[in-house]
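See below for the structure under consideration.
The values are calculated or read from the model by the stated rules, or taken from the named source; none is laboratory data. Source: prediction; values computed, not measured. Reconstructed Cβ throughout: ideal geometry from the backbone, glycine too, with neighbour counts over all protein chains shown. We work out accessible area using only protein heavy atoms, side chains counted, and drop any ligands, DNA or RNA first. Shrake-Rupley method; radii C 1.70, N 1.55, O 1.52, S 1.80 Å.
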Amino acid sequence: MMTKKIVLGMTMLLSSMAFVGCVSDVSDSNYTYDKLNAQYAQKFEQTFGKIAANQDWGFDAAVMRGATASEEDLKGYVIPDEMTKNEGEAAYTAVFSASDDQYKGMKVSLADIMKVVDLKNYYLQYVGTKNNNTHINSQTYSNGAVFEDMESIEAYDYNNKKWVEVQNFEKGQYKKKFFKKSNIVAHNLMFMMDMGTPDGNQPQFRWKSKRSKNPKKDVEPYYYDYDFLKIGDDYFVMLYYIDSPRAGWLIRIGTAEKEEEDPVAQRGRIFCEDLGESNVSDFDFNDVVFDAVIYKDGHIDIEILAAGGTLPIYVAEQLVTLGKMTNTGVNEAPRQKFTIPAVNGQPKYATLNDIPVVVKPGGNAQPYELKAEKSKAPQKICTFVNAHWADEYVNIRKAYPSFDSWVQAKNPEVWIEDEVERFTDLDLTNND
């Protein structure tokens, strides 16, 4: 806030005069941070409403800040795109409508598929079943075919020499689950991990019929007949009834790939308000804006992006040197970057909220740290690293109309999605 008025080294007798609100002498030793903060907190709630009891100002959710964490338990694995209904129907039609010669042309050997799919660690994705009705990606299509009910699918664990049920594929249906030990379900994907190396002597898959016994083995109602198929760029397992090679379950198969480990423990963009004007502050939260990344190896990268205030301010003990009015494009300076080394393999600051942002007004005034305490008026807030900060003089609620409701109820949680771009474009000529 460029117009924050500071009278460094002057003495103001605030105890003997009413506070007017247009000038704050934060250098006066009698004007304490506690007084300044109390007034700031009162005006914050007057402006934005009562603060939600669970409001953590974005810091508690900062572990994956700047990235999308879809399903926590699936982190570390590449989750393949699920086949769309049209893709599933096309694959289904290609198999169940093919002539014998066409079907033979789709088949691949165990040796061939092992060149492209890791059959030790793989995923299965249900595509379709030819039964009394045809199921494609949980959609049902009547095709008049009559076929025995398929109760379950099992895969052979070559490491432990036992059959393992492919969970939640019963009767062509599936349920959304997360990783559980070595067997993982995501939507209609099932991950089979550490299953060992297949061989031609022991079948890899079998399915169980609910109604009848296997014609080959009367002692148990299992069917061990299946083919590996290649359709387009995808590979499939076709589990079928002994008398009808193309009546059964069609399942896509692929390698369960591990993601490269994310070296980041926490990341976020932090907007700060420095309390330089005790008449409330303009609540533009751009007095200093910086990105911070805490890495798992302990080092921390910080990049100062904007400095809209006039008070000397320090981030992680480093003086912000971008220069006055950098936020408006005036007196532009290169972005300021620095790294904080790890201390005995650990980050010097354990969380983004622990990174100190300290204002040092000078004169007789004591330095004070900007805080973000749960359910209390914040002097800093954490959000995603692609968030835009408000223009100088622009109250953050003007740039982000959802900010009030986020303060009051954390709803919406991602308040930055409701952005008025003309108030975040660093152009002061269109802010009226």
Looking at (1) over 21 Å from residue 316 (Cα atoms); (2) in a loop (DSSP other than H, G, I, E, B), which one does residue 397 not meet, given that it meets all the others? (2)
Do any strands (runs of 3 or more DSSP E) entirely within segment 66-179 hold 3 or more residues that are open to solvent by 60 Å² or more (accessible area, probe 1.4 Å), at pLDDT 55 or above and touching a Pro at 6+ places or on another chain (Cβ under 8 Å), and if so, which? none
Checking residue 388 against (1) farther than 18 Å from residue 288 by Cβ; (2) without any contact (Cβ under 8 Å) to a residue 60 or more places away in the chain; (3) in a loop (DSSP other than H, G, I, E, B), which test does it fail? (1)
Restricting the search to segment 400-429, which residues are under 18 Å from residue 45 (Cα atoms), part of a helix (DSSP H, G or I) and not acidic (Asp, Glu)? 403, 405, 406, 407, 408, 409, 415
Residue under question is residue 372, and the condition is that it be surrounded by 14 or more Cβ atoms within 10 Å (Cβ to Cβ) and more than 14 Å from residue 274 (Cα to Cα); does it hold? no
Residue count for segment 190-213, restricted to those that are modelled with pLDDT under 70 and either under 16 Å from residue 122 (Cα atoms) or in contact with a Lys or Arg (Cβ under 9 Å, 6 or more places away or on another chain) (or both): 1
With the structure loaded, tell me whether residue 254 is at pLDDT below 85 and surrounded by 14 or more Cβ atoms within 10 Å (Cβ to Cβ) or whether it fails that test. no
Name every residue in segment 391-432 that is crowded, with 17+ Cβ neighbours inside 10 Å and in contact with a Lys or Arg (Cβ under 7 Å, 6 or more places away or on another chain), in order of residue number. 403, 423
